[in-house]
């Protein structure tokens, strides 16, 4: 088995970097959705939600950078064009959302899609003994599960 410069299987690292590029594309769409609802939210909950959405998009922006840097660490090249993001993402597009419940539902639906991808990557990184990717996915999953719980509580819905 050929190892890369960080001691992981070159073949498995290539596969993981491809999966991480898919996650990157989805995170970019999620980030853009958050910016849109941050800018366009209206109503009596504006002040609270405007701040919350900024907190979420700031966190998503950090995660985008972490994902891209992990792809580079594994020897891949991160996606960096809108064309790549559009072609490789499944996160729903949030367009002209200004109503609070619709915004929160968009977040929940987006994170649900991200969690599916992250769990798949977690399994692959475990098989590859890639603790760096494994740890990152575990941290993302833990944070996002809590965010979903909080958003569902805000909607007064069961998880």
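The values are calculated or read from the model by the stated rules, or taken from the named source; none is laboratory data. Note that the structure is predicted; figures quoted are calculated from it, not measured. Don't worry about glycine lacking a Cβ; one is built from the backbone with ideal geometry, like all the others, and counts go over all protein chains shown.
Has the stretch 12-24 got at least one residue that is modelled with pLDDT of 95 or more, within 16 Å of residue 154 (Cβ to Cβ) and surrounded by 19 or more Cβ atoms within 10 Å (Cβ to Cβ)?
Quick first cut of the stretch 12-24, residues modelled with pLDDT of 95 or more only: 12-24.
Keeping just the survivors that are within 16 Å of residue 154 (Cβ to Cβ) gives none.
No, because not a single residue in the stretch 12-24 is modelled with pLDDT of 95 or more, within 16 Å of residue 154 (Cβ to Cβ) and surrounded by 19 or more Cβ atoms within 10 Å (Cβ to Cβ).
Report, by residue number, each residue of the stretch 26-68 that is in contact with a helix residue (DSSP H, G or I) (Cβ under 8 Å, 6 or more places away or on another chain) and farther than 20 Å from residue 139 by Cβ.
29, 33, 35, 37, 38, 41, 43, 45, 49, 50, 53, 54
Could you go through the stretch 98-116 and let me know if any residue there is modelled with pLDDT of 95 or more and not in a helix (DSSP H, G or I). Talk me through it step by step, then tell me what you get.
Of the stretch 98-116, the ones modelled with pLDDT of 95 or more are 98-116.
Those left that are additionally not in a helix (DSSP H, G or I): 98-99.
For the stretch 98-116, residues modelled with pLDDT of 95 or more and not in a helix (DSSP H, G or I): present.
Within the bounds of the stretch 70-82, is there any residue that is over 14 Å from the mean Cα position of the chain (by Cα) and farther than 30 Å from residue 18 by Cβ?
No, the stretch 70-82 has no match at all.
Could you check, for the stretch 28-48, whether at least one of its residues is buried (at least 20 other Cβ atoms within 10 Å of the Cβ), within 15 Å of residue 133 (Cα to Cα) and touching a residue at least 12 places away in the same chain (Cβ under 8 Å)? Don't jump to the end; show me each part of the working.
Taking the stretch 28-48 first, the residues buried (at least 20 other Cβ atoms within 10 Å of the Cβ) are 28-31, 33-34, 36-37, 41.
Subset that is within 15 Å of residue 133 (Cα to Cα): none.
No; the residues of the stretch 28-48 include none that is buried (at least 20 other Cβ atoms within 10 Å of the Cβ), within 15 Å of residue 133 (Cα to Cα) and touching a residue at least 12 places away in the same chain (Cβ under 8 Å).
Kindly evaluate residue 98 against the criterion of being within 23 Å of residue 113 (Cα to Cα) and either surrounded by 13 or more Cβ atoms within 10 Å (Cβ to Cβ) or touching a strand residue (DSSP E or B) at 6+ places or on another chain (Cβ under 8 Å) (or both).
The answer is yes for residue 98.
Regarding the stretch 121-128, can at least one residue be identified that is in contact with a strand residue (DSSP E or B) (Cβ under 8 Å, 6 or more places away or on another chain), more than 12 Å from residue 92 (Cα to Cα) and surrounded by 14 or more Cβ atoms within 10 Å (Cβ to Cβ)? Talk me through it step by step, then tell me what you get.
Pass one, the stretch 121-128, residues in contact with a strand residue (DSSP E or B) (Cβ under 8 Å, 6 or more places away or on another chain): 128.
When the remaining residues are screened for being more than 12 Å from residue 92 (Cα to Cα), the result is 128.
Remaining after also requiring surrounded by 14 or more Cβ atoms within 10 Å (Cβ to Cβ): 128.
Yes, because at least one residue in the stretch 121-128 is in contact with a strand residue (DSSP E or B) (Cβ under 8 Å, 6 or more places away or on another chain), more than 12 Å from residue 92 (Cα to Cα) and surrounded by 14 or more Cβ atoms within 10 Å (Cβ to Cβ).
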